[in-house]
1. Can you tell me which of 222, 209 is within 24 Å of residue 410 (Cα to Cα) and modelled with pLDDT under 95?
2. Yes or no: residue 32 modelled with pLDDT of 85 or more and crowded, with 18+ Cβ neighbours inside 10 Å?
3. Could you please find all residues in the stretch 137-166 being touching a helix residue (DSSP H, G or I) at 6+ places or on another chain (Cβ under 9 Å) and closer than 30 Å to residue 58 by Cβ?
4. Based on this model, can you work out whether residue 137 counts as closer than 30 Å to residue 280 by Cβ and among the basic types (Lys, Arg)?
5. Of all the residues that make up the stretch 194-253, how many are open to solvent by 30 Å² or more (accessible area, probe 1.4 Å), farther than 23 Å from residue 34 by Cα and assigned to a loop (DSSP other than H, G, I, E, B)?
6. For the stretch 78-86, state whether one or more residues are modelled with pLDDT under 90, closer than 30 Å to residue 234 by Cα, in contact with a strand residue (DSSP E or B) (Cβ under 6 Å, 6 or more places away or on another chain) and buried (at least 20 other Cβ atoms within 10 Å of the Cβ).
7. Can you name every residue in the stretch 97-155 that is open to solvent by 50 Å² or more (accessible area, probe 1.4 Å), of a type in the set (Gly, Ala, Ser) and under 16 Å from residue 182 (Cβ atoms)?
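The values are calculated or read from the model by the stated rules, or taken from the named source; none is laboratory data. This structure is a prediction, so every number in the text was calculated from the model and none was measured. Glycine also receives a Cβ, built like all others from the backbone with ideal geometry; neighbour counts cover every protein chain displayed. Calculation scope for accessible area: heavy atoms of the full protein, side chains included, ligands and nucleic acids excluded. Shrake-Rupley method; radii C 1.70, N 1.55, O 1.52, S 1.80 Å.
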Amino acid sequence: MAAPSAFILLLVPVLASMATTGTAFFDLRAELNHPYAGSPLSRYEMVREAARASKARRAWTAARLAKACGRGGGTASAPDVPVAPLGRSIYTLTVGVGTPPQRHTLVHDTGSDLVWVECKLLGGAATPTDPLYDPGKSSSFAAVPCDGKLCREGKFESKNCSRNRCLYTYAYGSGQTVGELASEVFTFGAHRKVPATLDFGCGRFLKGDIFNASGFLGLSPDKLSFVTQLQIPRFSYCLSPYTDRKNGHMFFGAMADLSRYRTTGPIQTISFINNRIGSNVYYFLPLIGISVGAKQLSIPESSFAGTFVDSGYTTGALTASALDALKEALADALKLPRRSSSDPDYDFCFQLPRGVPMEAVSAPPLVYHFEGGAAMVLPRESYLAEPSPGEMCLVIGVDAQPVIGNFQQQNMHVLFDVQNQKFSFAPTQCDQI
């Protein structure tokens with residue numbers, strides 16, 4: 001199998017001081033590596049892998065939310081699912097770690113907070129594109145003591161202090177990473193270097209696979225994340241479609257402004273709900289209903305409670321009642337014969353006309369309605385996929401809480417205004433901004 005292409009972040013960095021806090025923030029433009037760039041996999045195989053990755057993510061989400069709500073959680077209570085390549089269907093960023101910088105490719109994840117890399121200290125594993133991070137070769141590496149703020153406040157599956165070292169286990173559904181919490185300089189940029197000191201996990205991944213990545217860049221609003229540690233006021237990203245194999249883009253600080261870039265539809269803004277920086281697990285959104293074309297579905301608003309947006313959840317999800325209503329509406333709108341899927345991870349599929357690809361079949365948009373009147377209009381490729389020739393399947397799965405995943409965010413420029421607790425979005429041709 002051919003190794004994925006190597007990418008370098010294309011950054012336009014400006015450091016600006018925040019007069020009120022004395023801290024610094026980034027104004028950056030970054031390139032997001034497409035998860036399948038350089039891969040020999042067919043488009044059908046990519047779609048099938050996306051479903052498997054979401055199944056693993058679903059288990060982790062259930063355990064994490066249960067733990068956050070005080071109902072236990074963790075891997076012991078997570079559903080028993082096959083280990084899946086958690087990072088394979090997710091976009092990545094390439095950064096430098098340490099002094100001098102060691103190249104690492106990290107999973108771009110708004111649904112987790114821990115920043116970590118595969119580390120020699122803990123017997124980690126190198127990837128086809130990244131060397132193993134060696135803290136012994138870095139002059140800026142420092143262990144975080146047990147009384148360190150993030151060691152005390154971080155939400156780990158388990159934690160152990162030995163000789164004043166903060167050792168942890170962090171769960172991802174059927175997979176987990178173990179390591180030591182440390183401090184290190186992360187460098188963004190290939191030509192103009194932009195350093196930032198972060199607490200991170202020097203660890204290794206257990207019972208799982210993150211494919212071409214060698215760690216995670218947690219971007220959630222929780223305490224351990226890159227966003228919270230550096231007090232990033234706002235960031236945005238734009239994901240190109242899976243089947244295009246083109247890179248996406250990410251923006252931080254002043255560069256994260258949807259009005260600066262060409263969009264193919266209006267910019268709309270809603271407020272995050274029940275979300276305070278450093279205290280919540282996810283970025284929650286006020287979803288209140290869905291439509292198929294012009295037909296609004298009769299679904300209680302309670303079915304949309306707890307909706308969140310997650311760049312690490314590939315196919316997205318709805319609650320069982322909402323998903324059943326969507327399936328019924330799609331069957332009525334598409335008027336195609338139903339068929340059993342060739343893939344067990346897709347359970348609602350249609351038979352395409354002989355010799356006709358999915359792109360040639362007419363399908364109504366799926367519309368997500370938010371409190372206040374904003375509406376996210378999703379074209380066919382953001383909720384339907386072709387896991388094998390001749391069949392078209394609904395990619396959105398079932399979960400206890402609705403999730404706006406990577407598929408729904410394709411060619412959608414999304415902005416997380418962390419400082420003002422706002423979420424903006426606009427349809428965009430992501431490879432052209």
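1. 209
2. Details: modelled with pLDDT of 85 or more: yes; crowded, with 18+ Cβ neighbours inside 10 Å: yes.
Considered against the rule, which asks whether it is modelled with pLDDT of 85 or more and crowded, with 18+ Cβ neighbours inside 10 Å, residue 32 comes out as yes.
3. 150, 155, 157, 159, 166
4. On the way: closer than 30 Å to residue 280 by Cβ: no; among the basic types (Lys, Arg): yes.
So residue 137 does not fit the description; no.
5. 3
6. Looking only at the stretch 78-86, we keep the residues that are modelled with pLDDT under 90, and these are 78-86.
Keeping just the survivors that are closer than 30 Å to residue 234 by Cα gives 85-86.
Imposing the further condition that a residue be in contact with a strand residue (DSSP E or B) (Cβ under 6 Å, 6 or more places away or on another chain) reduces the set to 85-86.
Checking the rest, the ones that are also buried (at least 20 other Cβ atoms within 10 Å of the Cβ) come to 86.
So far as the stretch 78-86 goes, yes, one or more of its residues are modelled with pLDDT under 90, closer than 30 Å to residue 234 by Cα, in contact with a strand residue (DSSP E or B) (Cβ under 6 Å, 6 or more places away or on another chain) and buried (at least 20 other Cβ atoms within 10 Å of the Cβ).
7. Across the stretch 97-155, the qualifying residues are 123, 136, 139, 143.
Every residue, every condition in (1) among the charged types (D, E, K, R); (2) modelled with pLDDT under 95; (3) open to solvent by 40 Å² or more (accessible area, probe 1.4 Å); (4) within 20 Å of residue 367 (Cβ to Cβ), yes or no:
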{"site": "261", "(1), (2), (3), (4)": "no, no, no, no"}
{"site": "274", "(1), (2), (3), (4)": "no, yes, yes, no"}
{"site": "286", "(1), (2), (3), (4)": "no, no, no, yes"}
{"site": "296", "(1), (2), (3), (4)": "no, no, yes, yes"}
{"site": "300", "(1), (2), (3), (4)": "no, no, yes, yes"}
{"site": "314", "(1), (2), (3), (4)": "no, yes, no, no"}
